[in-house]
Amino acid sequence: MSPSRIPILFLAAAVTELSHAATLISTDSSFTDINVVLPPADNAVTISPSFVSLSIEQDRWTDWSGTTSSNQFFYNVMENLKNLTGSPPGIRIGANSEDHTNFDHGVQYAEDIFPAPNPTTPYPEATNITVGDSYYTTAKYLLPDTEVIWGVNFGQNNLTAAIVEATSIMQAFSGPEISNLGISLKFLEIGNEPDLYMNNGLRPKNYNVTQYVSEWTHFADAIFEEIKLNTTSTRFLAGAFAGSSSNFEGFSPQAIFNLGISNSLAGQYIQAFSEHHYQGTFCSGSEGVLSDLMSKANIRGNLSQYASDIQATNDQGFDYILGETNSYSCHGAPGVSNTAGAAIWALDYALYSATLGIKQVYFHDGIGFKYNLIQPLTLTRSILDGSPLSAPLPPHIQPQYYAGIVAAEAIGRYGNTLISELPIDNPQISGYSFYDDSQVKRLVLINHTPYFQADATAVKIYFPDRCGTHNIVAKMLEIQHSDDTSGLTWGGQSYETPDGLIGGFVSARTVALNEHLGIPASQAALVAFQCS
Ligand SMILES: *[C@@H]1O[C@H](CO)[C@@H](O)[C@H](O)[C@H]1NC(C)=O
Ligand SMILES: *[C@@H]1O[C@H](CO)[C@@H](O)[C@H](O)[C@H]1NC(C)=O
Ligand SMILES: *[C@@H]1O[C@H](CO)[C@@H](O)[C@H](O)[C@H]1NC(C)=O
Ligand SMILES: *[C@@H]1O[C@H](CO)[C@@H](O)[C@H](O)[C@H]1NC(C)=O
Ligand SMILES: *[C@@H]1O[C@H](CO)[C@@H](O)[C@H](O)[C@H]1NC(C)=O
Ligand SMILES: *[C@@H]1O[C@H](CO)[C@@H](O)[C@H](O)[C@H]1NC(C)=O
């Protein structure tokens, strides 16, 4: 560590208009020290420009894409992210409804059969989805250069049905409408959460990982040969498990590699392992607790359990992704997953994942789900309890979308950006530094404290000697209350606009030496600067 560092203190003045930011940090209050190091820390890892990605429930996929023209709102909010990093977010289409989908040439787009909504599940997934060729070709409405993961039905254990789906997917992506835009099928996924099949009736009660690997190999080899998979663009994604035993006995990356899943004809084209993770569950309709979700310690506990799985996957030369993730499974917890506090959770959850070597994080979204980043369609009933809305609710973003924006802006457009976690000895504050190659450029600082519990926490940042004390700019993710469902701003600007395009003027603030940075409870800051 450099012996003499320049302490720089910022004041919460940029956010004084906020109710709970009104208490400014006085100079004699205690500070949390943050030490910035100039060359990338030993534990710095590359972070992909498409790190924050989306997983989409496939029963209503065409509501996201559009059918005869693109869904402009969805396109715009994806482009906001792309413009910050230079690469569009990855899109995975599949999930639970992937194992309830069949293909029929006679169907245009998709035909869905839905159960009745109820207060716990206001927007239930279709139980039976039949799709035709045009369902897959709507991928042409994605942003140019989007990399797509699509899943085929493995749950019903009908190889013929999986092959006809895979054939239609491959045809769509090799056609000029999609390939001329640089949109590619990056991965084919075979089945969703097969480690739950013994519980949900899709396999016998004694189904185990040995049978899974044998069936997966049978399906993948047959699909590979039948559709002449273009391995230049498309590889197989292994796993998509709901959990992990992290050992050789249960369902885990360790077990499937040990059983030789990557040795077969198709298996040699596996390139990544996908894990699914939710930090809690709302499946029984019980409440989630926002302060538990936002907790720095809980986020670390939930993600660090995968450290040995990530290592085992990387040891094979494969990437490890969270291919489906969000706050509370079964579409989210009302008043928790749809709030500003969940944006604080999602920002730290994503960035902490990156520091563990997780390649991409796919936040799961479905039409009307509570934990969405985006609601791309006009809704007529409440996402919280299914009650009819007094007026239709046009397409809009939800608070967690801001987590994607802040992460994207921190990653930036440089192309080879590294991230490392800042060691911060405070259970409520987390932080990350971002390096463009060898130069430290930006910090993200997150205050996990729910608003109703405390005020701002002051941090004191020690920059290396070689960093100028000018051109230090702080931008705040401003949140009034952790349980707010709207009204967030990012550097004074809002994405809560009719077309999803940014509104208002940026209020990033240049800060001078010896100012104080107060990070109000339940807010986050992006600090950008130059070191020469
Ligand atoms: C993204 O950047 C392009 C090129 O500068 C611009 O044309 C487009 O309007 C931007 N998109 C959004 C959503 O701001
Ligand atoms: C699903 O819907 C299709 C088309 O309507 C129908 O042919 C099929 O029998 C249905 N499958 C189930 C399991 O209900
Ligand atoms: C398997 O799928 C094919 C193609 O959809 C269908 O014709 C066949 O009836 C299915 N087999 C069974 C046993 O359901
Ligand atoms: C396979 O994919 C590559 C990369 O996208 C593309 O250049 C090539 O034309 C594709 N080959 C076929 C036969 O579609
Ligand atoms: C799975 O069950 C089969 C017998 O049905 C057994 O041979 C195999 O060892 C089991 N695999 C594991 C990992 O327990
Ligand atoms: C994950 O977070 C939840 C709170 O959101 C907590 O109850 C649970 O214990 C955490 N799990 C682990 C493995 O740390």
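The values are calculated or read from the model by the stated rules, or taken from the named source; none is laboratory data. None of the values given here were measured: they were computed from a predicted structure. All Cβ positions, even for glycine, are placed from backbone atoms using ideal geometry, and neighbour counts span all protein chains on display. With ligands, DNA and RNA removed, areas are computed over all heavy atoms of the protein, side chains included. Shrake-Rupley method; radii C 1.70, N 1.55, O 1.52, S 1.80 Å.
Quickly run through region 465-486 and pick out the residues that are closer than 25 Å to ALA521 by Cα and open to solvent by less than 50 Å² (accessible area, probe 1.4 Å). Break it down stepwise before answering.
From region 465-486, those closer than 25 Å to ALA521 by Cα are 472-486; that's our starting set.
Selection gives ILE472, VAL473, ALA474, LYS475, MET476, LEU477, GLU478, ILE479, SER482, ASP484.
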Residue check: is ASP133 over 21 Å from SER179 (Cβ atoms), away from ligand 5 (no atom under 16 Å from the Cβ) and either without any contact (Cβ under 8 Å) to a residue 12 or more places away in the chain or in the same structural domain as GLY201 (by TED's automatic domain parsing) (or both)? no
Among the residues of region 113-152, write down those that are under 24 Å from GLY323 (Cβ atoms), within 16 Å of ligand 2 (Cβ to nearest atom) and buried (at least 16 other Cβ atoms within 10 Å of the Cβ). PRO124, GLU125, ALA126, ILE129, VAL131, TYR135
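Rundown of residues vs (1) under 17 Å from TYR401 (Cα atoms); (2) of a type in the set (Gly, Ala, Ser); (3) modelled with pLDDT of 95 or more; (4) not assigned by TED's automatic domain parsing to the domain that holds THR62, yes/no style:
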position: ILE344; (1), (2), (3), (4): yes, no, yes, no
position: ASP348; (1), (2), (3), (4): yes, no, yes, no
position: ALA354; (1), (2), (3), (4): no, yes, yes, no
position: ILE367; (1), (2), (3), (4): yes, no, yes, no
position: PRO376; (1), (2), (3), (4): yes, no, yes, no
position: THR380; (1), (2), (3), (4): no, no, yes, no
position: LEU389; (1), (2), (3), (4): no, no, yes, no
Would region 49-66 turn up any residue that is within 16 Å of ligand 1 (Cβ to nearest atom), part of a helix (DSSP H, G or I), of a type in the set (A, V, I, L, M, F, W, C) and under 26 Å from the mean Cα position of the chain (by Cα)? no
Sole residue being outside the structural domain of PRO388 (by TED's automatic domain parsing) and either without any contact (Cβ under 8 Å) to a residue 12 or more places away in the chain or more than 17 Å from the chain's Cα centre (by Cα) (or both), chosen from PRO119, PRO40, PRO115, PRO124: PRO40
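Going by what's in this entry, would ASN192 be described as assigned to a loop (DSSP other than H, G, I, E, B) and either within 16 Å of ligand 5 (Cβ to nearest atom) or modelled with pLDDT under 95 (or both)? Give the steps one after another, and end with the answer.
Working: assigned to a loop (DSSP other than H, G, I, E, B): yes; either within 16 Å of ligand 5 (Cβ to nearest atom) or modelled with pLDDT under 95 (or both): no.
The answer is no for ASN192.
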Counting only strands (runs of 3 or more DSSP E) wholly inside region 349-443, the ones holding at least 1 residues that are of a type in the set (Ser, Thr, Tyr) and in contact with a Pro (Cβ under 8 Å, 6 or more places away or on another chain) are 379-381, 417-421, 429-436
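Any residue that is more than 16 Å from ligand 6 (Cβ to nearest atom), of a type in the set (Lys, Arg), open to solvent by less than 30 Å² (accessible area, probe 1.4 Å) and closer than 22 Å to ASP365 by Cβ - is there at least one of those in region 89-104?
From region 89-104, those more than 16 Å from ligand 6 (Cβ to nearest atom) are 89-104; that's our starting set.
Imposing the further condition that a residue be of a type in the set (Lys, Arg) reduces the set to 92.
After this cut, where a residue has to be open to solvent by less than 30 Å² (accessible area, probe 1.4 Å) as well, the list is 92.
Subsequent filtering for residues that are closer than 22 Å to ASP365 by Cβ retains 92.
Scanning region 89-104, I find at least one residue that is more than 16 Å from ligand 6 (Cβ to nearest atom), of a type in the set (Lys, Arg), open to solvent by less than 30 Å² (accessible area, probe 1.4 Å) and closer than 22 Å to ASP365 by Cβ, so the answer is yes.
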If you take the residues of region 276-299 that are more than 10 Å from ligand 6 (Cβ to nearest atom) and part of a loop (DSSP other than H, G, I, E, B), which of them is surrounded by the most Cβ atoms within 10 Å (Cβ to Cβ)? PHE282
Quick one: SER337 ticks every box in (1) closer than 19 Å to TYR432 by Cα; (2) touching a Ser or Thr at 6+ places or on another chain (Cβ under 8 Å) bar one, so which box is it? (1)
Considering residues of region 388-413 that are surrounded by fewer than 16 Cβ atoms within 10 Å (Cβ to Cβ) and in contact (Cβ under 8 Å) with a residue 24 or more places away in the chain only, the residue farthest from THR46 (Cα to Cα): PRO394
Members of region 305-316 that are more than 8 Å from ligand 6 (Cβ to nearest atom) and open to solvent by 40 Å² or more (accessible area, probe 1.4 Å): ALA307, SER308, GLN311, ASN314, ASP315, GLN316
Which one of ASN302, ASN263 is more than 16 Å from ligand 2 (Cβ to nearest atom), at pLDDT 95 or above, open to solvent by 10 Å² or more (accessible area, probe 1.4 Å) and more than 25 Å from PRO89 (Cβ to Cβ)? ASN263
For residues that are surrounded by 16 or more Cβ atoms within 10 Å (Cβ to Cβ) and more than 16 Å from ligand 6 (Cβ to nearest atom), tally how many sit in region 242-260. 7
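Any idea which of PHE236, PHE273 is surrounded by 14 or more Cβ atoms within 10 Å (Cβ to Cβ), assigned to a strand (DSSP E or B) and within 16 Å of ligand 4 (Cβ to nearest atom)? Walk me through how you get there before you give the answer.
On the way: PHE273 fails: within 16 Å of ligand 4 (Cβ to nearest atom).
Only one candidate qualifies: PHE236.
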Given the criterion among the basic types (Lys, Arg), surrounded by 18 or more Cβ atoms within 10 Å (Cβ to Cβ) and farther than 13 Å from TYR278 by Cβ, identify the matching residue among LYS370, LYS359. LYS359
Of the conditions (1) open to solvent by 20 Å² or more (accessible area, probe 1.4 Å); (2) within 16 Å of ligand 6 (Cβ to nearest atom), the single one that ASP319 does not satisfy is (2)
Per-region count, region 243-295, residues out of contact with any strand residue (DSSP E or B) (no Cβ under 7 Å at 6 or more places or on another chain) and not acidic (Asp, Glu): 26
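Restricting to region 152-199, name every residue that is without any contact (Cβ under 8 Å) to a residue 24 or more places away in the chain and either under 15 Å from GLU98 (Cα atoms) or touching a Pro at 6+ places or on another chain (Cβ under 8 Å) (or both).
ASN158, MET198
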